[in-house]
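A.B. asks: Pasting a structure below so you can have a look.
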Amino acid sequence: MARIQKPKSEYEQKLIDLRRVARVMAGGRRFTFRAAMVIGNQRGQVGFGLGKAADTSQAIEKAVRRARQNLISVPLTKDQSIPHEIYAKFGSARVILKPAKSGKGLVAGGSARAVLAMAGVKNVSAKILSHTKNKLTNALATLEALKKLKTLK
């Protein structure tokens, strides 16, 4: 019996965070998993999704499905950078993105790096200004900044 192959997706995916979360019920704790995924085609499209399920693989599948629903387009310059400097805030997370010269590379840390890499941004300098270590809010602040970008003519 031949196994049916799923078609390969055009989007690459990166797991930002995988966590076991518990809720207390009568009779003890119930554990579920929360997965945070970033997907992108590295040509200007990127999305973020959060999935929760009893099993890690199901949580990751759900997160990818949600990320595909939340895709945004990022305007890229010819040298794979962003058109202009931008600042964004999401919750307590604050991030600033600055375009860099060709050859400088992607200078970013943590979840901001994952989001920018999946979007296909190659030359940019990013700085997380807030003191929060929360990967989810930092990733969402970076996405917020990318949403605000305008194309320069």
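A.B. asks: Could you check the stretch 114-142 and list, in sequence order, the residues that are under 13 Å from the mean Cα position of the chain (by Cα) and within 19 Å of Thr77 (Cβ to Cβ)?
C.D. replies: Across the stretch 114-142, the qualifying residues are Val115, Leu116, Ala117, Met118, Ala119, Gly120, Val121, Thr142.
A.B. asks: Only one residue in Ala117, Ala54, Ala67 is crowded, with 20+ Cβ neighbours inside 10 Å and modelled with pLDDT of 90 or more, so which one is that?
C.D. replies: Result of the check over Ala117, Ala54, Ala67: Ala67.
A.B. asks: Something else now. Considering (1) under 21 Å from Ala117 (Cβ atoms); (2) crowded, with 20+ Cβ neighbours inside 10 Å, say which one Ala59 fails and leave the rest.
C.D. replies: Among (1) under 21 Å from Ala117 (Cβ atoms); (2) crowded, with 20+ Cβ neighbours inside 10 Å, Ala59 violates only (1).
A.B. asks: Going by the conditions given, is Lys104 under 21 Å from Lys122 (Cα atoms) and among the basic types (Lys, Arg)?
C.D. replies: Details: under 21 Å from Lys122 (Cα atoms): yes; among the basic types (Lys, Arg): yes.
Against the criterion (under 21 Å from Lys122 (Cα atoms) and among the basic types (Lys, Arg)), Lys104 qualifies.
A.B. asks: If you go through the stretch 13-25 one residue at a time, do you hit one that is surrounded by 19 or more Cβ atoms within 10 Å (Cβ to Cβ), touching a strand residue (DSSP E or B) at 6+ places or on another chain (Cβ under 7 Å) and of a type in the set (A, V, I, L, M, F, W, C)?
C.D. replies: Yes, the stretch 13-25 contains at least one residue that is surrounded by 19 or more Cβ atoms within 10 Å (Cβ to Cβ), touching a strand residue (DSSP E or B) at 6+ places or on another chain (Cβ under 7 Å) and of a type in the set (A, V, I, L, M, F, W, C).
A.B. asks: Right, something else. Pick from Lys89, Lys78, Lys98: which is part of a loop (DSSP other than H, G, I, E, B) and either surrounded by 14 or more Cβ atoms within 10 Å (Cβ to Cβ) or not aromatic (Phe, Trp, Tyr) (or both)?
C.D. replies: Lys78
A.B. asks: Would you please name the residue that is farthest from the chain's Cα centre (by Cα), looking only at residues in the stretch 143-153 that are closer than 13 Å to Lys89 by Cα and surrounded by fewer than 21 Cβ atoms within 10 Å (Cβ to Cβ)?
C.D. replies: Result: Lys148.
The values are calculated or read from the model by the stated rules, or taken from the named source; none is laboratory data. None of the values given here were measured: they were computed from a predicted structure. We place every Cβ from the backbone using ideal geometry, glycine too, and count neighbours over all the protein chains shown.
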